[in-house]
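Heads up, the thing below is written out as structure tokens.
The values are calculated or read from the model by the stated rules, or taken from the named source; none is laboratory data. Values in this document were obtained by computation on a predicted structure and should not be read as measured data. Virtual Cβ from ideal backbone geometry, glycine too; neighbours counted across all protein chains shown. In case anyone asks, the SASA skips ligands and DNA or RNA and just uses the protein heavy atoms, side chains included. Shrake-Rupley method; radii C 1.70, N 1.55, O 1.52, S 1.80 Å.
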Amino acid sequence: MDKLVIDGGHPLRGTVPVSGAKNAALPILIATLVAPGEHALSNVPDLVDVSSMLSLLGRIGCPSLAGDVVRIDTSRVAYSEAPYDVVRKMRASVLALGPLLARCGHAKVSLPGGCAIGVRPIDQHLKGLEALGCRFELDGGYVIGRVDKLRGAPVVFDVVTVTGTENILMAAVLAEGTTVIENAAAEPEVADLARFLGGMGARIEGAGTSRIVVEGVSTLSPAAAPYAILSDRIEAGTYLVAGAITGGDVRCEGADAQSLAPVLSALEAAGCTITQGPGWVGCARSGPVRPIDVETRPHPGFPTDMQAQLMALLALGTGTSTVRETIFENRFMHVAELLRLGARVDIDGNLASIHGVPSLKGATVMATDLRASASLVLAGLAATGTTEVLRLYHLDRGYEKLEAKLGGIGARVRRVGEGRPD
Ligand code: EPU
């Protein structure tokens, strides 16, 4: 199995190109189902999760061609099922529920189950789709949904859910009448999905806020021009922290400062210098890392997907920082591994207290999820000596060309093993 070997302790300087956002690409790929025909998407990141979503589309009967522009043909849907062997690899397969119900009136999707960061139920997805007229039963680990006619309705989420909001959106665009989603996720990736749907004829207002109004239409058709996926704010944030944690200066080309605002504020408060211009954001640090207190929140709050990476930086602070994780109940899996690199962190429920240390020291570490792995890579880049990050497949799910991009800003990193998994 692949590992990343890092010779740390060198400031990173230079420019990193930001890829398309994984969490925008995944819903948009599956949303092609709601408009039969040929779709073209650009800025799709080359990631294992994207390949998994394309293979799910293939299983449904929709072939695709990868390349600079990804082409998907959704003219025909042969099966309305997301089987266990795909869902088990990628939780986001649950996003097939809304579009399959809208397209076929039937969907059979394996229940995703828990994962390293928490239980992650889908009750809100089902509640929202039920409000639109769907009926569900559970059978053999599968959730089976049926609907004769989707009808617009008010949907009020009890918790803010990103993929839940996306599932309702993808069904509501073809429902008869108006759907109003209250307490919707306002993440930029939800807004990107809405823009993509809008380009196919959907009528959506308020995406990117907590209240989304959808006027259903009877048919949608693929847009003529390729749709360019939004840039990845979490990837960009991770490279900005790479600049900060190594005392370097990294510029992310293609980054969107607005969607990164909560991350940039936290980095500034921690003593980093943020610079920005049209289509780029930079982060440098020459002084000490100042301790800060951060709480993860739905957008526009501080994103849970940047919590582990920020914690790596705070591990080198001049005092005690706190990080409260309010989105997922088990998202401190990186802490035990950061301790192996010399960090000092106490955990009390969902609150981590990070007592800064002057330096970290290389070690062999491994993580159980994508962002935790990113945090360990960042810590390894700052640590003296050699760090080996095992289970690299987590990073391949979410970071395109990781070693090449890090190498481009001066990191001494190499992948050792058998190459990227299929
Ligand atoms: N929740 C429920 N019931 C539901 C849905 C969610 O209780 O029906 C709870 C979850 O258990 C969690 C909270 O609501 O405690 C928020 O979960 P959400 O549904 O928003 O997460 P998600 O849609 O499954 C997406 C991203 C995650 C990101 C979260 C939060 C995608 C494909 N995934 O997951 O990304 O952490 O939103 O922003 O968009 C990652 O990229 O590393 C990643 C995990």
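When the residues of segment 132-172 are narrowed to those that are surrounded by fewer than 18 Cβ atoms within 10 Å (Cβ to Cβ) and on the phi > 0 side of the Ramachandran plot, which ends up farthest from the ligand (Cβ to nearest atom)?
140
In segment 373-408, which residue that is surrounded by fewer than 18 Cβ atoms within 10 Å (Cβ to Cβ) and modelled with pLDDT of 95 or more is nearest to residue 46 (Cα to Cα)?
401
Quickly run through segment 322-339 and pick out the residues that are within 12 Å of residue 306 (Cβ to Cβ) and either of a type in the set (Lys, Arg) or near the ligand (Cβ under 9 Å from one of its atoms) (or both).
Hits for segment 322-339 are 327, 331.
Find the strands (runs of 3 or more DSSP E) located wholly in segment 1-84 whose residues include 1 or more that are more than 30 Å from residue 245 (Cβ to Cβ), open to solvent by less than 20 Å² (accessible area, probe 1.4 Å) and not β-branched (Val, Ile, Thr), and list them.
Passing ranges, in order: 38-42.
Which of the residues belonging to segment 115-131 are within 9 Å of the ligand (Cβ to nearest atom) and not charged (D, E, K, R)?
Within segment 115-131, 115, 117, 118, 119, 121, 122, 124, 125, 126, 128 qualify.
Report the residue count in segment 198-223 for those that are more than 21 Å from residue 162 (Cβ to Cβ) and either outside any loop (DSSP other than H, G, I, E, B) or under 23 Å from the mean Cα position of the chain (by Cα) (or both).
2
Tell me yes or no: at least one residue of segment 289-298 is under 26 Å from residue 23 (Cβ atoms) and of a type in the set (A, V, I, L, M, F, W, C).
yes
Taking the residues in segment 291-333 that are in contact (Cβ under 8 Å) with a residue 60 or more places away in the chain and more than 29 Å from residue 190 (Cβ to Cβ) as candidates, determine which candidate is most open to solvent (accessible area, probe 1.4 Å).
For segment 291-333, the residue satisfying everything is 291.
Taking the criterion of being among the aliphatic types (A, V, I, L, M), farther than 30 Å from residue 299 by Cβ and open to solvent by 50 Å² or more (accessible area, probe 1.4 Å), would at least one residue in segment 349-367 satisfy it?
no
Run down 411, 336 and say which single residue is open to solvent by less than 20 Å² (accessible area, probe 1.4 Å) and either touching a strand residue (DSSP E or B) at 6+ places or on another chain (Cβ under 7 Å) or not aromatic (Phe, Trp, Tyr) (or both).
Result of the check over 411, 336: 411.
Looking at segment 231-263 only, could you name the residues that are surrounded by fewer than 24 Cβ atoms within 10 Å (Cβ to Cβ), among the aliphatic types (A, V, I, L, M) and in a loop (DSSP other than H, G, I, E, B)?
257
Yes or no: residue 46 farther than 25 Å from residue 165 by Cβ, touching a strand residue (DSSP E or B) at 6+ places or on another chain (Cβ under 6 Å) and modelled with pLDDT of 95 or more?
So residue 46 fails the test.
Could you say whether any residue in segment 184-197 is part of a loop (DSSP other than H, G, I, E, B) and either open to solvent by 40 Å² or more (accessible area, probe 1.4 Å) or farther than 20 Å from residue 259 by Cβ (or both)?
No, segment 184-197 contains no residue that is part of a loop (DSSP other than H, G, I, E, B) and either open to solvent by 40 Å² or more (accessible area, probe 1.4 Å) or farther than 20 Å from residue 259 by Cβ (or both).
Hey, can you tell me all the residues within segment 95-131 that are touching a strand residue (DSSP E or B) at 6+ places or on another chain (Cβ under 6 Å) and open to solvent by less than 20 Å² (accessible area, probe 1.4 Å)?
Passing the criteria: 96, 97, 100, 101, 107, 109, 110, 128.
Wholly within segment 307-401, which helices (runs of 4 or more DSSP H) include no fewer than the required count, namely at least 1 residues that are over 25 Å from residue 20 (Cα atoms)?
307-314, 333-340, 370-382
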